[in-house]
Amino acid sequence: MVQTAAKTVASKENNEDFVFQNQSNGQYILIVGDFAQTDFSGIDTIAMSMLEKNLEKYKSEISPADLLLVQLITQFNNELLGWQKDFQCCVLFALIEGNRLFYLPVGDCRVAVKRGKNLILLNGTVWTDKSGLPLPPMVFHQQNLKRGSEEPPKAALGVQPVNFSTSHVRNFLLEADDTILIYSDGVDKFVSPEQLLKAAMESSSASEIADRILEEVKLNHGDDDRSIIIASGPHSAKESPSEKESREILFETRAEIQQKLSQLQTALNPLEKLQENLRKPDELKEKTAVELEIIKS
């Protein structure tokens, strides 16, 4: 069973970050969002309420993971536009189903996967290598990294209508012990991927990983709201309806074969007894011959 931890810390009274998680029908829905600066109080609570309402409405009607994410993010964007208050929001919608991670990022919220002694950055980072060049996706322990320049996000929800489709949804095949990290730019700007990896490697639970990373933001004088969701395995493949049908047919066939073998053995028992009786005269002859040889000698 997947273990999750979702935490957010405000840098001021009005938290513009939010986290949302839900588990239903074998699907783990994980969302991190970061609103642009606003004086509107309680925007984080409103966002979570909107997501809860929409998920309750659609989760029983839409089962494909990519389609469900598209439905949720489109509805969320439409509702932000409906408020007409310029609620710009960077988000990352993710869904874990079996050993597959589906994710749809808009803006600069990040997702990474810790695998063994490496961290795999699935949608980039503000950090660069020591030369200032873009960081490759695979991060190793004890790398020399430096923080790159902070640029405004290239996209956000609440700006304009967007025709999202399943082609926008990316997916990543998980291994059993992978740990997923989803976090806002308030984490990305102040905690390097190498520090994220170190926290994940040295912690024993999803909650401890989240706490250590948020503490790193504080130690590095983070001045922005920060949010993070951790989801650790074991992740196991989800059986598709066709795979389930094939497995059930296989079990039924095996049971039928075992039953027929048992019936065949029952039918063969009298024949084996008859063969045993037919062998007795030959055995008697051999015994008599042996006895005659003993008498002769």
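The values are calculated or read from the model by the stated rules, or taken from the named source; none is laboratory data. Here the structure is a predicted model, which is why all the values come from computation and not from measurement. Cβ atoms come from the backbone with ideal geometry, glycine included; neighbour counts cover every protein chain shown.
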Scan segment 11-31 residue by residue and report those that are over 12 Å from residue 95 (Cα atoms) and among the aliphatic types (A, V, I, L, M). 19
For residue 36: the one exception among (1) touching a residue at least 60 places away in the same chain (Cβ under 8 Å); (2) farther than 22 Å from residue 84 by Cβ: (2)
Using beta carbons and a limit of 7 Å, which pairs, at least six apart or on different chains, have the first residue in segment 197-210 and more than 13 Å from residue 180 (Cβ to Cβ) and the second one at pLDDT below 95 and in a helix (DSSP H, G or I)? none
Taking residue 175 as the residue in question, decide whether it is exposed (fewer than 11 other Cβ atoms within 10 Å of the Cβ), of a type outside the set (Ser, Thr, Tyr) and out of contact with any Leu (no Cβ under 9 Å at 6 or more places or on another chain). no
The lone exception for residue 114 - which of (1) surrounded by fewer than 22 Cβ atoms within 10 Å (Cβ to Cβ); (2) among the basic types (Lys, Arg); (3) at pLDDT 95 or above it fails: (1)
Got a number for residues in segment 1-30 being surrounded by 16 or more Cβ atoms within 10 Å (Cβ to Cβ), of a type in the set (A, V, I, L, M) and within 13 Å of the chain's Cα centre (by Cα)? 3
Quickly run through segment 137-146 and pick out the residues that are within 11 Å of residue 192 (Cα to Cα), of a type outside the set (S, T, N, Q) and surrounded by 15 or more Cβ atoms within 10 Å (Cβ to Cβ). 139, 145
Determine whether residue 191 is touching a helix residue (DSSP H, G or I) at 6+ places or on another chain (Cβ under 8 Å), assigned to a loop (DSSP other than H, G, I, E, B), of a type outside the set (Phe, Trp, Tyr) and closer than 20 Å to residue 94 by Cβ. yes
Looking at the structure I just gave you, is residue 154 assigned to a strand (DSSP E or B), over 25 Å from the mean Cα position of the chain (by Cα) and surrounded by fewer than 21 Cβ atoms within 10 Å (Cβ to Cβ)? no
Would a scan of segment 177-186 turn up a residue that is in contact with an Asp or Glu (Cβ under 8 Å, 6 or more places away or on another chain), farther than 16 Å from residue 89 by Cα and assigned to a loop (DSSP other than H, G, I, E, B)? no
